[in-house]
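Below: one structure, written as structure tokens.
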Amino acid sequence: MTQHSMTQRIDRIRGLTEQDVHASRQQHGDNALTRITKHSFLRDFLMNFGDPIIKILLVALVANIVLRLRDFNWYETVGIAAAILVSTFVSTLSEYGSEKAFDKLQADALKTTCRVKRAHGLAEVAVTDIVVGDMVLLQAGERIPADGVIISGEIYVDQSPLNGESKEAHKSPGTSPSGASDDGFSDRGRLFRGCVVCSGEAVMRVLAVGGSTFYGRLARDVQEESRESPLKMRLGKLAQTISRFGYIGAALVALADLFNAIVIANGFNGMAIMSCLQTPQLILGHLIHAATLSISVIVVAIPEGLPLMITIVLSSNMKRMLRDHVLVRKLVGIETSGNLSILFTDKTGTITKGKLKAQSFVSGDGTVYRDFRKIAATPLGALLRVSCLYNTSAAFSKKNGQQRAIGGNATERALLEFVAERQPAPARIRVVSSVPFSSLRKFSSARVDGDVRGLLVKGAPELILPLCTGWYDEGGVRRALTNPAKLKKALGDMTASAARVLAVAVGESAATETLGGELTLVGLFAIRDEVRREAPRAIRQVTQAGVQVVMITGDNDKTAAAVAREAGMLKNSDDARAVLTSKQLANMTDGELRKVLPHLRVVARAVPSDKTRLIAAAQHLGLVAGMTGDGINDAPALKKADVGFSMGSGTEVAKEAGDIVVLDDNFLSIAKAILYGRTIFKSIRKFIIFQLTINLCAVAVSIIGPFVGISSPITVLQMLWVNMVMDTLAGLAFAGEAPLAEYMHEPPKKPDEPIINRYMYNQIIVGGMYMTVLCLLFLKLPAIHSMYRHGGGDEFFMTAFFAMFIFAGVFTSFNARTTRLNLLAYVWRNKGFIAIMLFVSLIQVMIIYFGGAIFRTTGLSYMELQFVVILALSVIPVDFIRKSAIGSLKRGGAL
């Protein structure tokens, strides 16, 4: 259509008056996207204080301040407050970024304008000022501003941002025949906001604006809140367990302290006990002291370093994952990926290379050539090269000495690259006339003159082959096409392998617009988007890890099944429920879909709504669902999924909606993300074993201590150092645990699985109680007490106890980091762990000899220190016996 004819058409159209525009805006609204009211950063920050672990810490913090006003322990209080603030701030910062998906959509909409025919003439207006009923002029390169119908002209539209299909859609006035897909995208006359005009000109009448458009509904969907992550659910249950343990411990300590102060201190004398109970001042003092000790127990029992450690372990692994082409946008997405039980993935670019390639060429007698060099020097090869070079809209370009195809469509570029032989093409050939390929014609043609004369044709086999009466052999001799059996077999094999087949022929007809007369077949091309070489291995890793992989594609069911079979997702014996089309899904109820979901492997002819429905069905079954995507249409599904993997080559909106960006669009990188997620969860569990073992010992000593005459064996500053070792330093040490391939042979953890399992309880209780017995024996046995010098008091003895407690913690960390009997298994792959534990030991030795009055320490002799280290080291053989007793060597997945 010429510019002049388009102008005439526009002139004949009556546009809206200002009154019409105002009335339409009042009735249907404007074209701005609907924004759901979102929380400010400050509000999200304050709401995160509702985290179960943080709540317990806040209670401990307030109680610590109120009950210790007389001897204000600011070290411990500041430590708890810092742990709360840092972990809450980092968590909020990570989650706040997820709201940018809508902002990106809105920004894309605001920065464009369009041309509209109004009553006063043609006007350029902002996209947000479009109203229902407006007549919009569309040209190549422009983005469609609203949903509507084409009333004049003819255009080709790229609808891939919304439906994921890269094939250009032809649009003209009218509607598609009955039977077209009900998603609307296949409707010949329908246009959708966000799509791009590739060629042609047209006039569109606006039918929907703003939140009523398909694009607007996507914008609304990406603002919906995601469901709570498995890690947060587990931490909530952990908080209940820990608080129960802490409160019981606090009550026992209070009772023990009161019993000691009232009963034991009065020598079990009934009269003295009654006298004490009848003295309010004494009872109040004892109650305050007991309450203070209870708060101390709660503070000790609560792993205040856990929120901070989780932040540390997630953050530290972000850099490691980036080296494997995985960019983490939301911290919690790393751990959630390790819990995946079902993964919905795109085909193009993720499982396949995302680039069409001519896989093979078949001559008229059925001979298959997978390498053009085998026929390049033959007359048949020369004719094939001419057909690919001159009947095309693509061309060669040289960059950095490399020759590559540019322009045209992906199929034409694939053909050019197949014949990209260094031998020169015939020099004296010119194109007299040509017709480019279109989805309506299903062929392209070019009439050439010079060294080669005739009509070059390529197109759909069902269109070309019936017109072929002969074929060329390698010598360029034309032979009659009398026995097409081999050719039909080759055609069937190509189709079965998910290849798109293209026929190449030559003829004598002078017409290029229509195919007439007899043609001679040059051969058939098998063109396909090849499966990535590493995809079958990656899919095998993921499926071995117990993750169900479901491929979602716009291809037909046969092509999709062939790709899935090659990638290792389908076996020939799989039942009919493994491959379903979008239409079949649409005919199922939600209950029927949930029944078939465990068997599903491929969804063909998929539409965007299928993705969110599949995720909802999986989550209803209690599965942790992952989704990959790259287009605007994928954003709602990426947001709804428990973890969304957006592709590095995808749209910015998809990246903002996802949790993790796979920079190389490679399924193998998704497998690595799952492995990292499982490693991180195990690191968190290892840290919990370590910290709760130490905490159990501290609480038990506090409970039993008053009965055996032990009140405060560790000073405030010593406890500050203990907390630093247990929290920050231990968190850093366990954060560097190496991802082991064996983790991918374990089934995924269920979302409701407690963070502390039976194995962990066993190790915590056995380790914690042994350390308790060790501490009590050390403090009460006269034989041990006599081994240490006496100065003005028990400073040597108490220094030794402090040292033993720290070193026992260091050795306990080795027990916690592996379920194996060999404590050094894979330890050198976490050099940070070794460095931190050596650092802790070195600082502890320096505190012993240089801490002085500040840390209440005095330099020990070599023999005194050696005995302390030997006692502390005993935690290792005790845990060795425990592991042997429960057969931990056979329990690699204990964590």
At R0 = 30 Å the Cβ-Cβ FRET efficiency linking Thr17 and Ser438, nearest 0.05, sits at 0.15
Taking r as the C-beta separation of Leu85 and Ala377 and R0 as 56 Å, the FRET efficiency to the nearest 0.05 is 0.15
Once Arg453 and Val368 are pulled to full extension, the length gained, defined as 0.36 nm per residue separation minus their Cα-Cα distance, is 27.9 nm
Amide H contacts under 5 Å for Val432, restricted to residues at least 5 apart in sequence or on another chain and with H modeled in the peptide plane, are Arg447, Val448, Asp449
Rounded to the angstrom and largest first, Cα extents along the principal axes for the stretch 209-290 equal 87, 24, 13
Distance in Å, no decimals, from the C-alpha centre of the stretch 638-688 to the one of the stretch 337-375 is 25 Å
Which residues qualify? For Cys195, with a placed amide H closer than 5 Å and at least 5 residues away or on another chain, they are Ile144
Taking r as the C-beta separation of Ser874 and Ala496 and R0 as 56 Å, the FRET efficiency to the nearest 0.05 is 0.25
Note to self: C-alpha centroids of the stretch 555-607 and the stretch 222-275 sit apart, in Å, by 53 Å
Taking a crude spin-label model, label points 7 Å out from Cα along the C-beta direction, the Arg829 to Phe396 distance in nm is 4.8 nm
Per the rule of 0.36 nm per residue minus the C-alpha distance, extending Lys750 to Met787 adds in nm 8.1 nm
Taking a crude spin-label model, label points 7 Å out from Cα along the C-beta direction, the Glu474 to Leu42 distance in nm is 8.1 nm
For Phe214, the accessible surface traced by a 1.4 Å probe with all protein chains present amounts, in square angstrom to the nearest 10, to 40 Å²
For Thr352, the residues 5 or more places away or on another chain with a placed amide H closer than 5 Å to its own amide H are Arg532
Protection proxy (average C-beta count within 10 Å per residue), highest first, orders 632-641, 866-875, 381-390, 251-260 as 632-641, 381-390, 251-260, 866-875
Sequence order, the stretch 655-667: Karplus ³J(HN,Hα) from phi using 6.51 cos²θ - 1.76 cosθ + 1.60, θ = phi - 60°, Hz rounded, Gly and Pro as x, gives 5, 5, 7, x, 8, 9, 9, 8, 5, 9, 6, 10, 4
Once Arg430 and Arg188 are pulled to full extension, the length gained, defined as 0.36 nm per residue separation minus their Cα-Cα distance, is 83.5 nm
Most packed first (mean Cβ within 10 Å per residue), the peptides 837-844, 12-19, 768-775 order as 768-775, 837-844, 12-19
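The values are calculated or read from the model by the stated rules, or taken from the named source; none is laboratory data. These numbers come from a predicted model, not from an experiment. Cβ coordinates were reconstructed from backbone atoms using ideal geometry, including for glycine residues, and neighbour counts include every protein chain displayed. Side chains included, ligands, DNA and RNA excluded: accessible areas come from the protein's heavy atoms. Shrake-Rupley method; radii C 1.70, N 1.55, O 1.52, S 1.80 Å.
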